[in-house]
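The structure appears right after this line, and notes come after that.
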Amino acid sequence: MGRSALVTVIAGLLAATAALAPVQAPAQAAPQAQDTPKLVPDQDVEINYRVNRPDEPAFNRRVRWSAASALERADGPGSSVVIVDHKSNYETLLRSDTHSYLKLEVPKGTALYPDPDLQRTAGGQATVAGLSCTDWNWTGPADGRSRSICVTDSGVLLRVAVNGQTVILAKSVHFRKMKPAIFDIPNNYVPSLAPDGPGG
């Protein structure tokens, strides 16, 4: 896989989580009311999404969370796998074709970690995949497009919409304990020293 192709893959993976923000340290005192959505689940969970972005074929994505470690693993489309550490702001792209991995720092202010001062407004309630969630709305500071996410009180993202069009929708949610090993880099994978990676 060449540099430009890999960048395209990474950009596509980041786009599906463009509504997320960095993990914030726990508050010392409980707030009077929730004024910002919780974006990391407070218990282990598996979510199966349907992703339908404009001008791209729709695809399924399986996302699993380790709540205690703030680790997220996203499988799909196809054989692509990304593991995101929401505490360190690093993501690891696993490449099954070369049995290699690429670890990237994702600075705040990018698609995966938007401006922590971004203001979101709580909207109405909805039911998605059998769970109740709250819509949080804002306007993108760069492109002026309206965005909304529907998140449960426990931090499970169920829906993402851009300009009123749903682009990510949870189809099923299963709360169960995740094995720590699924968030590890496989032992037979080697680090990519460049975007092309070993044997690329």
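The values are calculated or read from the model by the stated rules, or taken from the named source; none is laboratory data. Since we're looking at a predicted model, the values are computed, not measured. Glycine also receives a Cβ, built like all others from the backbone with ideal geometry; neighbour counts cover every protein chain displayed.
Residue pairs whose Cβ atoms lie under 9 Å apart, separated by 6 or more positions or on different chains, with the first residue in the stretch 53-67 and under 24 Å from residue 175 (Cβ atoms) and among the basic types (Lys, Arg) and the second part of a loop (DSSP other than H, G, I, E, B) and at pLDDT 95 or above, are 64/44; 64/178. Selection of the stretch 139-154 for residues being more than 16 Å from the chain's Cα centre (by Cα) and under 24 Å from residue 173 (Cβ atoms) yields only 153. Output the residues belonging to the stretch 38-68 that are surrounded by fewer than 15 Cβ atoms within 10 Å (Cβ to Cβ) and small (Gly, Ala, Ser). Listed by number, the residues that qualify are 58, 68.
What tally of residues in the stretch 38-79 results from selecting those that are under 14 Å from the mean Cα position of the chain (by Cα) and not in a strand (DSSP E or B)? So the count comes out to 8. Contact annotation: residue pairs with Cβ atoms under 6 Å, 6 or more positions apart or on different chains, pairing a residue in the stretch 124-153 that is without any contact (Cβ under 8 Å) to a residue 24 or more places away in the chain with a partner that is basic (Lys, Arg) and not in a strand (DSSP E or B), are 138/120.
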